[in-house]
1. On a 0 to 90° scale, report how tilted helix 404-423 is relative to the longest principal axis of the chain, with both axes built from alpha carbons and the result rounded to the nearest 10.
2. Which chymotrypsin sites (Phe, Trp or Tyr not before Pro) in segment 427-510 pass both tests, a DSSP loop state and at most 13 other beta-carbon atoms within 10 Å?
3. Distance cut-off 29 Å, Cα to Cα: go down the list K165/K232; K232/K299; K234/K520; K231/K299; K240/K270 and report the pairs above it.
4. Hey, which lysines would be in cross-link range of K75, C-alpha to C-alpha under 24 Å, not counting anything within fewer than 8 residues on its own chain?
5. Any idea what the relative contact order of segment 226-277 is, in percent, if you count C-alpha pairs under 8 Å spaced at least 6 apart?
6. Angle, helix 479-497 long axis vs. longest principal axis of the chain, Cα atoms, 0 to 90°, nearest 10?
7. Order 224-234, 396-406 from most to least packed using the mean count of other Cβ atoms within 10 Å.
8. How high is the relative contact order of the chain, in percent, counting Cα pairs under 8 Å that sit 6 or more residues apart?
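The values are calculated or read from the model by the stated rules, or taken from the named source; none is laboratory data. Note that the structure is predicted; figures quoted are calculated from it, not measured. Note: ideal-geometry Cβ built from the backbone for every residue, glycine included; neighbour counts use all protein chains shown. Ligands, DNA and RNA are excluded from the accessible area calculation, which covers all protein heavy atoms including side chains. Shrake-Rupley method; radii C 1.70, N 1.55, O 1.52, S 1.80 Å.
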Amino acid sequence: MSKQDAETGVIAAENIDRVEAGNLDRVEAPVTWRTYAMCVFASFGGIFFGYDSGYIGGVQGMDFFIQMIEGPGAKELSSSHTSLIVSILSAGTFCGALIAGDLADFFGRRFTIILGSAIFIVGVALQTASAGLGLLVAGRAVAGLGVGFVSAVIVLYMSEIAPKKVRGAIVSGYQFCITIGLLLAACVTYGTESFDNSSSYRIPIGLQMVWALILGIGLMFLPESPRYFIKKGKVEEARKALGRVRGQDPNSDYVEAELNEIRANHEYEKRITPETGYIGSWLLCFTGSIGLASSNVRKTLLGISLQMMQQWTGVNFVFYYSTIFLKGTGAVSNPFLMSLIFTLVNVLSTPVSFWLVERFGRRSMLLWGAIGMTICEFIVAIVGVTVGFNHTHDVNGVSIANNIAAVNAQIAFIAIYIFCFATTWGPGAWVLIGEIFPITIRSRGIALSTASNWFWNFIIGFITPYLVGADYANMQSSVFFLWGALCASCIVYAYFLVPETKGLTLEQVDQMLEEVSPRKSAAWKPTTTFASMEKNQTTA
Ligand code: BGC
């Protein structure tokens, strides 16, 4: 064993094939501030996501904007225009997220994010220049494509460069940035909505270029993901990149050990994966038996459904429609401020997840989060049908609350519900999709999962007005029965299907899924490494 080994307990590279997995911790590089700084910077991409989905609600309520789209004297946007303006972004993001996986494998994770930022800037420029519907919609579609790239590949990149001990917390940082983006959007539109000229909408729209510039330029100085280089067979580049992200000498034992494990895992995956063409490589995401937690199809469905369930919690009902909803209760004097408070609760609660995700793990977090949200949602719904919001009455077209205390209690439980979301499912769904896929399908798996988030985001945004609209289902706060029931299904889902990935390398997650069911995963401990398995394979 090397000198370093004797002094520090670190295991030398030449002995790495003999390292049992339980000892891998000893060869993992300590987490340096540089590593943190890189990951924190990458999470900045979340600001795009949050800001872009958040600003449109405010802009659509602006008098100047309404008249620009509908003509002089108009008081509100037509439903078809609202739907087009809102949904075109999701269409763009959906497509962007799907394409991004391929680009990330071909050109690299970093390049795809920079490209996404550039496309986004073009889309934002078109929207800022627009003085009518056509260019605005075109701009949103283009910007959406860019957001799709960034939202899918940032999670991939961060999960691949973060050290395993803090990976969950770091990807949760991405969610934190989403919440900050939502808050910034709410504040900026609040500040400009009273302007009686085009700057009312041009400022909030144009400001987004700043986020894209910061992210795009900053990423030029960050290293590419070492796992991407390994996938491309560029071992020396992978070594250099790993050295940079770990803040270590590329030839150190730390780097050698981690590199060996990534390489061995890749060799293993390649060996068990048939050679396929382009279509075949997409189909690879859906191979294997659905009954096996370790099969590709099961992992892909898990990623897609995790993001679907995250949207089913109903959180975007609060972020997209709470202003209108609160107005309808007749108990809130400033609904806009109240929605801003919900957004603030979201931002302030998210950092709690940095600790929860590494202390209690992903599985418990999702399970308890779903339980908390279900309870809050049913309380909101039950209070509504008994004494609260559903008992408001109408005086000359204005809702008046019969029981203000009851409505206030409902609002308080909505805030607690947001707390439960922000500390659990908000970050948890993103953390898990970064961890469950093997390297052979990782970029596409994450792309498909992110596209699922945008798809359901769109569906929920689209149907909600019909659920609560006075002319349609007019469910009032009973819509929380629906969200409560969907959240109850999240409890069952988390219990039976979500594995525990805390503290494992991405390569160990693969092994764990092969060996135990999700319900037993929390107790699973690695007993061997891919490096030693590959060594046995070659000597056999
Ligand atoms: C979700 C978004 C949501 C946001 C709220 C994200 O994780 O994917 O749809 O608006 O959290 O913080």
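1. Tilt of helix 404-423: around 20 degrees.
2. Numbers: sites: W430, W454, F455, W456, F458, F462, Y466, Y472, F480, F481, W483, Y493, Y495, F496; in loops: Y472.
Those that pass, being in a loop and sparsely packed, are Y472.
3. Numbers: K165/K232 26 Å; K232/K299 23 Å; K234/K520 37 Å; K231/K299 19 Å; K240/K270 23 Å.
Checking Cα-Cα distances, K234/K520 exceed 29 Å.
4. K327
5. Rounded, it is 27 percent for segment 226-277.
6. For 479-497 against the chain, the angle is about 10 degrees.
7. Numbers: 224-234: 21.5, 396-406: 13.3.
In descending order of packing, they fall as 224-234, 396-406.
8. Numbers: 959 pairs, mean separation 113.9, N = 540.
Rounded, it is 21 percent for the chain.
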